[in-house]
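Remarks on the structure that follows.
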Amino acid sequence: MKDLKTCREEIDAIDQQIIALFEQRMNVAKDVITYKLAHDMEIFQSAREQEVIEKNVNRIRNEELKGYAKTFIQDMMNISKTYQATFIPSENHYQLKAPRFDNIVVGYQGVPGSFSESALETYFKETTQRKNYVHFQDVFEALKNDEIDYGVVPLENSSTGAINDNYDLIRDYGFYVVGEQSIAVEQHLLGLPGSQIEDLREVYSHPQGLLQSSDFLDAHPYIQKHEYLNTATSAQFVAQQKNPTIAAIASQKAAQLYGLEILQENIQNLKTNATRFIIFGKNLETSQDVSHISLVFTLKHHVGTLYQVMKIINDHHINMLRIESRPLKQTAWEYYFYVDIEGSLEQENIILALEDLKAHTITLRVLGNYAKK
């Protein structure tokens, strides 16, 4: 058995060789990226990368070490790609347009009195021309068909989490997030004038309205819950039915619009209940107060790929605000990711980080650069 001193001396000698070879390899990696840029070639080729990994792993004679060798080669190639990314010209290729607020039409899901309409009025102005639609996807279709200039949809609630359908839609339609508006959401129990809570047998609301008021509903188990397209639409429905045994969970504005009475105020579970809405359009926009960037990307289904993305964001001194994953429809058990980071597309470290991220993702798209309100 070798003593510890001898082992350390041997490791030092091996490390010296490894470092010399590492430097040689990185110099060649620089030559590769220089050649590819000069000849307008595809920069990062996943098939070639997989070939290199398999070839080198097969050179390992000790079967126990093959898994470690694969990790070692993959990490070395990640380092090479990060180094190569520094030689890619960091010009800002993003075509940024100024936001529009005048002479526009904005679409939202629901009917007048909905929280989406409140977000629209808060972000734009109360006199903004608007169109309302039955489903979230209808708003995206309306923008696609140039019926509207912008759309407003909810993306996340502080108590019930993400509205996943809209994450999928913003990706599938290829639109851009141009703004964000958070509003306080106060859910009220609405009924016909003169109705009593103890006489109620049914309540209607959007699934989120029911979830956000679950504590109140659990305390009144005799009231049967019904999901409806929208909170304000449920208020409209209750007003039309003229039935004192049914109620809606919706806003104070919906009560006023549809002639309903607030039977109990603020039945939401959290008194600080809020919903984050996104404003989306066809163009990537910017303004002086932009502070957030949204990205969507896909990764190879390999160990450590998401870690590498997080590491790049950290190495470029960027604050990551959130991350969400959604399943890829065409591939089982694989996902695409949404990430929100702080920054502007005018910042050099952001542009460099995006170039670096392109080297470690299958697809990467900037969804928007906008101000958080």
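Could you look at the range 1-123 and say what percent of its accessible area is carbon and sulfur, using a 1.4 Å probe and all protein chains?
Ligands and nucleic acids excluded, carbon and sulfur give 55 percent.
For the range 319-373, take N as its residue count and report Rg(C-alpha) divided by 2.2 N^0.38 Å.
Working it through for the range 319-373, the quotient is 1.28.
Which whole-number percent of Cα pairs in the range 155-253 have a distance greater than 17 Å?
Across the range 155-253, Cα pairs with separations above 17 Å total 56 percent.
Could you check what % of the DSSP bridge pairs in the chain are antiparallel, to the nearest 5?
Counting only bridges with both partners in the chain, antiparallel ones make up about 70 percent.
Only loop residues by DSSP count here, and only those with at most 12 other Cβ atoms within 10 Å; note down the trypsin sites (Lys or Arg not before Pro) in the range 212-253 that meet that.
Those satisfying the criteria are Lys242.
Along the charge dipole of the chain, pointing to its positive end and built from +1/-1 on Cβ of Lys, Arg, Asp and Glu, which listed residue (Thr272, Ile197, Gln212) has its Cα farthest out?
Of the options given, the answer is Gln212.
Which percent of the accessible area of the range 177-267 is formed by carbon and sulfur heavy atoms (probe 1.4 angstrom)?
That share works out to 46 percent.
Place +1 on the Cβ of every Lys and Arg and -1 on the Cβ of every Asp and Glu in the range 207-360, take the dipole about the Cα centre, and give the residue among Leu257, Gly281, Tyr307 whose Cα lies farthest towards its positive end.
About the Cα centre, the residue reaching furthest to the positive side is Leu257.
With runs of 4+ DSSP H residues as the only contributors, calculate the mean residue ellipticity of the chain at 222 nm using -39,500 (n - 2.57) per run, divided by the residue total and rounded to the nearest 500.
-12000 deg cm²/dmol
Using only the alpha carbons of the chain, determine the length spanned along each of the three principal axes and report them from longest to shortest in whole angstroms.
So the extents along the principal axes, rounded to whole Å, are 90, 54, 33.
Put one equal scatterer on each alpha carbon of the range 272-326, apply the Debye formula with no solvent term, and list log10 I(q)/I(0) at q = 0.16, 0.25 1/Å to two decimals.
Debye intensities relative to I(0), on a log10 scale: -0.76, -1.21.
Hey, got the dipole for the range 222-353? About the Cα centre, +1 on K and R Cβ, -1 on D and E Cβ, debye to the nearest 20?
560
Please calculate how many Å² of accessible area the chain carries per residue, with a 1.4 Å probe and no DNA, RNA or ligand atoms counted.
Result: 53 Å² of accessible area for each residue.
Order of 137-146, 48-57 by packing, highest average Cβ count within 10 Å first?
Going by the mean number of other Cβ atoms within 10 Å, highest first, we get 137-146, 48-57.
Pop out the ³J(HN,Hα) list for the range 261-267 in order, Karplus 6.51 cos²θ - 1.76 cosθ + 1.60 with θ = phi - 60°, rounded to Hz; leave Gly and Pro as x.
For the range 261-267, the Karplus curve yields 10, 7, 7, 7, 7, 6, 8 Hz.
What relative contact order, as a whole-number percentage, does the chain give when Cα pairs under 8 Å and 6 or more residues apart are counted?
19
Going out from 0 in 5 Å bins, what whole percent of all Cα-Cα distances in the range 1-102 drops into each bin?
All Cα pairs considered, the percentages come to 2, 9, 13, 16, 16, 12, 9, 7, 5, 4, 3, 2, 1, 1, 0, 0, 0.
Could you tell me which of Gln50, Tyr108, Tyr123 has its Cα farthest along the dipole of the range 49-157 towards the positive end, charges placed at Cβ (Lys, Arg +1; Asp, Glu -1), taken about the Cα centre?
Value computed over the given set: Gln50.
The values are calculated or read from the model by the stated rules, or taken from the named source; none is laboratory data. Only a predicted model underlies this, so the values are computations on that prediction, with no experimental measurement involved. With ideal geometry, Cβ positions are generated from the backbone for all residues, glycine too; neighbour counts draw on all protein chains shown. Side chains are part of the model used for accessible areas, which takes the heavy atoms of the whole protein and leaves out ligands, DNA and RNA. Shrake-Rupley method; radii C 1.70, N 1.55, O 1.52, S 1.80 Å.
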